[in-house]
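A short worksheet on the structure shown next.
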């Protein structure tokens, strides 16, 4: 998936220390059908936010137990928005509509528009 960062136990700490962007992280599992649906949304999110200070990332929770424990992942999919101040701003368990993910990110970057408003503006 182009423009989607794969975060791991080994690269998360250095990435988060160096970035000044808002970060959207999708914790997923290969065996979870809702996770696969959310993974299909990530290219749309990455494309939309490519010119903004937003990083779209994913974490395979089964392969990255330390990172999953850090975020207390108990169920997937888990979506987390981390602000540019490196604090968790929002977390949602389960599958939302694609508009729900746009709203999560837009709220943090100060844009109050959802997916459908983009289609008709």
Of all DSSP beta bridges in the chain, antiparallel share, percent nearest 5
55
Rounded to one decimal in nm, the spacing of the 7 Å Cα→Cβ label points at residue 9 and residue 74 is 2.2
Relative contact order %, the range 5-119, counting alpha carbon pairs below 8 Å whose residues are six or more apart:
31
Using only DSSP helix segments of four residues or longer, with each worth -39500 (n - 2.57), what per-residue ellipticity at 222 nm results for the chain after dividing by its residue count and rounding to 500?
-11000 deg cm²/dmol
Nitroxide proxy distance, nm - points 7 Å out along Cα→Cβ at residue 97 and residue 109
2.1
Fewest-first ranking of 111, 18, using other Cβ atoms within 10 Å as the exposure measure
18, 111
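No lab work stands behind these numbers, since they all come straight from the coordinates. Quick caveat: nothing in here was measured; it's all calculated off a predicted structure. Backbone-built Cβ (ideal geometry, glycine too); neighbour counts: all protein chains shown.
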